Amino acid sequence: MSPAVSTSSEATETAATGDVSSATASAAASAAAVAEASGPQTITMAKALNTAMADAMEADSSVLVFGEDVGRLGGVFRITDGLMATFGEQRCFDTPLAESGIVGMAVGMAMNGMRPVIEMQFDAFAYPAFEQIVSHVAKMHNRTRGTVKLPMVIRVPYAGGIGGVEHHCDSSESYYAHTAGLKVYTPATVADGYRMLREAIDSDDPVMFMEPKKLYWSKDQVDLDALRAEHAAHVSAGSSSEGRAAVARQGTDATLIAYGPSVPTALAAAAAAAEEGRSLEVIDVRSIVPFDDETVSASVRKTGRAVVIAEAHGFASVSSEIVARVQERCFHYLAAPIRRVTGFDVPYPAPKLEHYYLPSVDRILDAVDDLQWEN
Amino acid sequence: MTISADHKEQGLADARPDEMDENEQASEVRRKFGISVEDYMLPARHQIQMVDPSGALNPQGEQGAEPGHEYPIPGDTELMAAYEQLVVGRRVNDQNSALVRQGRMAVYPSSHGQEACQVAAALCLREGDWLFPTYRDAVAVMSRGVDPVEAMTIFRGDWHGGYDPAKHKVGIQCTPLTTQLLHAVGVAHAAKLRGEDTVVLAMCGDGATSEGDFHEALNFAAVFHLPVIFFVQNNKYAISVPLSHQSVAPSLAHKAVGYGMAGERVDGNDLVALLAVLDRAVKLAREGSGPLLVEAHTYRMQAHTNADDATRYREDSEVAAWMAKDPITRMTAYLGGRGLLDDEGSARIAAKAEGVATQLREGLGEEVPVDPQNLFRYVFSKPTPQLKEQSALLADELAREASSQKEAGK
C-alpha cells in the first residue's frame, strides 16, 4: 500500500526531546506556522485529520499519538505526518507491532491522565485488539460506576474502494456499533475530518473513529481557521455537533441515508436523479453511535421514502439497524418499504471484483426506482 | 534493552533501544550488579527461599541467592505488618467461602494457600504506586487498603466493581486473563512521561502466561523500559489444566530473558522471601532498571471456585503435601522462634481478623437495594438519546408493575 498522500506538514525539525511539557512549549511555534498557512484553501481529508491531531496536541499536553509506523514514517497513509517531528518522540511514537498491546496500553494511559489517540493501521488489523476494545475500552466506565473515564480515540482506516488486497478493506463499524459503551464516528467530508476528530479527542468517552480510507485523498475548500474558531466556540459553550447527522443535500422525493465512504456515492446518485427530475435528500449519518434519530426521521417523514446505503455486508449491520429504527419511527409516513443498498454478504472481494460489490450510483438509482412511485 | 538506571540523566532520553551499544549495556550491568547481562536477566539457579516449611531460617548460603541476585531479609516491622495481613487474608478467604456456601455471595475464587503472595504483592508497593489484580486477588486488593466489603462487591452480584480504582490506585479485579497487564504498562508509561517515579505491579497466574496479552505486555514494558513488575503466581493449575500443558520453559521466570528483562523465582509460600524479592524488584524498577518478572511457586489449595470439583484432576496426596508448606504456619513458627510473636500478639491479630470477618458477614449479608436506572447511568459520561429512551421504557414498566401490585393489594 503506497498512498499518494502528501500532507506538506509545516512541522519544523525542532523536535522536542524533553518531557511532555517542554515538548508542548516548543510545539507552539510550529503550530503557529500551521495556522499562518491556513485561511480558505483546498486540502485533503488526510490533511484535515492531521491538523486536528496537531491542534489537539498543541492545546493539551496529555494528548498522545501512537501506533504502528505513525512516528518517523507518519503512518502508512501519512495521517500522522510531522507529529513526531513537531511534538517529540514522547508524544508521537511507534510501538511494537501488536494491536492488543497498543489498545491495552492506551487504556492504562487513559486511566492515568492521558488522552491517547491511537492508530490501527487497517480495519482488519484491529481484530487482535478486539478483546481489549470490547471487554475494557467499552466497559471500564460502566464497570467502575463512572469513576474511571477512558478518553481515548481509536482511529481505524476502514472500508474499500482503493483496490486493496485482502484484510485491508473491511467495513468493521458494525462490530463496534454493536458494543455498548463505544461511540462510533465516521466523517465523510474534509471539514468533518477536522471537526469530528477534535470532538472525538475532546470526548471523555472512548471513540472508534472510522476513517473512510478512499476519502483520504478527497479534497475540499476548507477554512481551517474558521473550523478552529468553531471548535473553540463549542468548547467554551460546552456544546458540539457530536451525535448529529447532517443534511448533505436537500430534497423532497426520497431520502438517501449514508455514512462515511458511501456519502459521496449517495450525493452522486442524487445529482444523477435530479437530472431525471427526482429530488433526493441525502443524510450523512456522521455519528453511528450515538445515532441521530431526530434528523433521520424528520427527513424520512418529509419525503416518505428511504434508501439506506452502506459498504458493509447488509446482514445484521448498521444499515439493518437504521432501517429498523426508521420503520419504527416513520411507518405511517412511508409510501414504500425502505430499501437498502449494501455490500453483498460475502468476504470483501479481490481488487478486480470490488466494483461489483460496492454500492454504486446505478444500484442506488435502481433501488430508488423501486420505491413504488406509481400515481 | 538496557538496564540503564536513568536515560535522561545520561542525555540518552531519545536513544532508541536498538541504538544502545551492546557493550555499553553489558558494562552497565557489570557496574551495577557485577555480573553479565545474561546472568542478570536469567533467574538464579534455585528459587529464593529464606524460611523453610518448618519455619526455620535457611542458612545464608542456602537461600538461593547468587552474585547479582542478593536479597537482604526484610525488617521486623515490615514482617510483622505483613504477618498481620496474612492472618487477616486467610480469615477473609475462609469467611468468603462460607458466605458462598450460604448463598450470600455469588462466587468466590479463593486464594487460600496463596495468601503470602497476596500480601507481599500489596505491601511491596508504596503510596502512589499501582496494583493490577485478577479475580483471585481480592486479598491483595484489601491489603492495599480497599474496604473489604467494597473489595468483595464484584462477587456479591450488585455491580461489577465496588471500589474506585483511581482513589486506591488498584485496577478493578480483572477477569479476561492478562488483559490487565497492558493496563499496568499504560499506567506506568503515562507516569514515566510525566516524570513520576510510580511503580506498577501486575498480577497473573501460570495459565495466563499462555495468553497473547502476556507476551505483548512484557514486550511493551521492556521496549519502553517501564517500571512494571509482572508477578506470576504459579499455583500449578489453570482450573484443571496443569502447568506442563501451558509451558515447557525451564521456568516461567526464564521467559523474562526473551524480553530483555530480569526474572526471578521465589517460594510463594515464604512471606519473608516474597517480601525480599518484591521489595528489591520495586527498588530496581523505581531506580530505572526497567521491568521485572517474578514467578512465585505456590499452590491453589481449594478448587478454582465453588463451581469446580478439583478431585477430578488432582490427587489428595498432592494437596496434602502442599498443606505442609502452608504460608501461615510457617510464618507463625518463624516469628515465634525469633521472639517477635507472643500469645498476646497472636490474640490481637486473631481479633483483628475476626473483626474483618464480621464486617464481611454483615456487609455481604445485608440486602443491598439495586437501582435499575444504574443500568443506563454509566454506559457513557452522558446518556445517549437512545439510552434515555430505554431508561424511560424501564421506568414506565416498573411504575406500571408497582401500581398493579398496589391495585392487587387493595
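The values are calculated or read from the model by the stated rules, or taken from the named source; none is laboratory data. Fair warning: this is a prediction, and the values are worked out from it, not measured in the lab. Please note: Cβ atoms are built from the backbone with ideal geometry, for glycine as well, and neighbour counts cover all protein chains shown. Protein only, heavy atoms only, side chains kept; ligands, DNA and RNA dropped before computing areas. Shrake-Rupley method; radii C 1.70, N 1.55, O 1.52, S 1.80 Å.
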Say whether the condition of being within 30 Å of B:H160 (Cα to Cα) and surrounded by 10 or more Cβ atoms within 10 Å (Cβ to Cβ) is met by at least one residue in segment B:330-347.
no
Of all residues making up segment B:342-355, the number that are among the basic types (K, R) and either under 14 Å from B:M142 (Cα atoms) or touching a residue at least 60 places away in the same chain (Cβ under 8 Å) (or both)
1
Which count do you get for residues in segment B:174-209 that are under 24 Å from B:L274 (Cβ atoms), of a type in the set (G, A, S) and either facing chain A (nearest Cβ under 10 Å) or assigned to a helix (DSSP H, G or I) (or both)?
5
Starting from residues that are more than 15 Å from B:F231 (Cα to Cα) and open to solvent by 10 Å² or more (accessible area, probe 1.4 Å), keep the ones in segment B:174-188 and report whichever is nearest to the chain's Cα centre (by Cα).
B:T175
Please go through segment A:272-295 and give me each residue that is closer than 28 Å to A:A46 by Cα and either in contact with a strand residue (DSSP E or B) (Cβ under 8 Å, 6 or more places away or on another chain) or crowded, with 24+ Cβ neighbours inside 10 Å (or both), ordered by number.
A:E281, A:V282, A:I283, A:D284, A:V285, A:R286, A:S287, A:I288, A:V289, A:P290, A:T295
For segment A:108-157, which positions are among the charged types (D, E, K, R) and either in contact with a His (Cβ under 7 Å, 6 or more places away or on another chain) or closer than 30 Å to B:E150 by Cα (or both)?
A:R115, A:E131, A:K139, A:R143, A:R145, A:K149
Go through segment A:85-98 and report how many residues are more than 9 Å from chain B (Cβ to nearest Cβ) and surrounded by 24 or more Cβ atoms within 10 Å (Cβ to Cβ).
3
List the residue pairs whose Cβ atoms are under 9 Å apart, where the first residue sits in segment B:58-77 and is over 21 Å from B:E295 (Cα atoms), the second is part of a loop (DSSP other than H, G, I, E, B) and not hydrophobic (A, V, I, L, M, F, W, C), and the two are 6 or more positions apart or on different chains.
B:D76/B:R338
Residue check for B:Q302: among the polar types (S, T, N, Q), within 24 Å of B:D52 (Cα to Cα), open to solvent by 10 Å² or more (accessible area, probe 1.4 Å) and more than 17 Å from the chain's Cα centre (by Cα)
yes
Here's a check for you: in segment B:128-161, which residue that is part of a loop (DSSP other than H, G, I, E, B) and in contact with a Gly (Cβ under 9 Å, 6 or more places away or on another chain) is nearest to B:A307 (Cα to Cα)?
B:R136
The correct count of residues that are open to solvent by less than 20 Å² (accessible area, probe 1.4 Å) and more than 22 Å from B:K255 (Cα to Cα) in segment B:29-57 is 3
State whether the residues of segment B:306-315 include one that is touching a strand residue (DSSP E or B) at 6+ places or on another chain (Cβ under 9 Å) and on the phi > 0 side of the Ramachandran plot.
no
Please work out which one of (1) at pLDDT below 95; (2) touching a helix residue (DSSP H, G or I) at 6+ places or on another chain (Cβ under 6 Å) is the condition B:G103 fails and give its number.
(2)
The lone condition B:G365 fails out of (1) touching a residue at least 40 places away in the same chain (Cβ under 8 Å); (2) exposed (fewer than 14 other Cβ atoms within 10 Å of the Cβ); (3) closer than 30 Å to B:D52 by Cα is (3)
What residue, of B:E216, B:E264, B:E295, is buried (at least 24 other Cβ atoms within 10 Å of the Cβ), assigned to a helix (DSSP H, G or I) and assigned by TED's automatic domain parsing to the domain that holds B:H168?
B:E216
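Listed here are the residues, each with its yes/no results for (1) modelled with pLDDT of 95 or more; (2) touching a Pro at 6+ places or on another chain (Cβ under 9 Å); (3) among the aliphatic types (A, V, I, L, M); (4) closer than 30 Å to A:L97 by Cβ.
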{"site": "B:L123", "(1), (2), (3), (4)": "yes, no, yes, no"}
{"site": "B:A140", "(1), (2), (3), (4)": "yes, yes, yes, no"}
{"site": "B:S143", "(1), (2), (3), (4)": "yes, no, no, no"}
{"site": "B:M152", "(1), (2), (3), (4)": "no, no, yes, no"}
{"site": "B:F155", "(1), (2), (3), (4)": "no, yes, no, no"}
{"site": "B:W159", "(1), (2), (3), (4)": "no, no, no, no"}
{"site": "B:T178", "(1), (2), (3), (4)": "yes, no, no, yes"}
{"site": "B:K192", "(1), (2), (3), (4)": "yes, yes, no, yes"}
{"site": "B:C204", "(1), (2), (3), (4)": "yes, no, no, yes"}
For segment B:368-385, indicate whether the set of residues that are more than 14 Å from chain A (Cβ to nearest Cβ) and more than 23 Å from B:Q95 (Cβ to Cβ) is non-empty.
yes
Quick check: anything in segment B:386-395 of a type outside the set (D, E, K, R), within 26 Å of A:R244 (Cβ to Cβ) and in contact with a strand residue (DSSP E or B) (Cβ under 8 Å, 6 or more places away or on another chain)?
no
Would you mention how many residues in segment B:92-118 are buried (at least 24 other Cβ atoms within 10 Å of the Cβ) and more than 17 Å from B:T134 (Cα to Cα)?
0
Here are the criteria: (1) surrounded by 24 or more Cβ atoms within 10 Å (Cβ to Cβ); (2) more than 24 Å from B:A191 (Cβ to Cβ); (3) out of contact with any Gly (no Cβ under 7 Å at 6 or more places or on another chain). Tell me which single one B:M80 does not satisfy.
(1)
List every residue pair whose Cβ atoms lie under 8 Å apart, where the two residues are 6 or more positions apart in sequence or sit on different chains, the first residue falls within segment A:231-255 and is open to solvent by 60 Å² or more (accessible area, probe 1.4 Å), and the second residue, located anywhere, is hydrophobic (A, V, I, L, M, F, W, C) and modelled with pLDDT of 95 or more.
A:V247/A:V282; A:V247/A:I283; A:R249/A:L267; A:R249/A:A270; A:R249/A:L280; A:R249/A:V282
Would you point out the residue of segment B:162-173, among those that are more than 7 Å from chain A (Cβ to nearest Cβ) and part of a helix (DSSP H, G or I), that is surrounded by the fewest Cβ atoms within 10 Å (Cβ to Cβ)?
B:K167
Looking only at segment B:189-212, count every residue that is crowded, with 24+ Cβ neighbours inside 10 Å and among the acidic types (D, E) and tell me the total.
1
Every listed condition ((1) without any contact (Cβ under 8 Å) to a residue 40 or more places away in the chain; (2) within 30 Å of A:M152 (Cβ to Cβ)) holds for B:T358 save (2)
Check whether at least one residue in segment A:168-183 is in contact with a His (Cβ under 7 Å, 6 or more places away or on another chain) and of a type in the set (G, A, S), and report yes or no.
yes
Kindly provide the set of residues from segment A:296-325 that are open to solvent by less than 30 Å² (accessible area, probe 1.4 Å) and within 14 Å of chain B (Cβ to nearest Cβ), ordered by number.
A:V296, A:S297, A:V318, A:I322
Conditions first: (1) in contact (Cβ under 8 Å) with a residue 12 or more places away in the chain; (2) farther than 22 Å from B:A122 by Cβ. B:P250 passes all but one, so which condition is the exception?
(1)
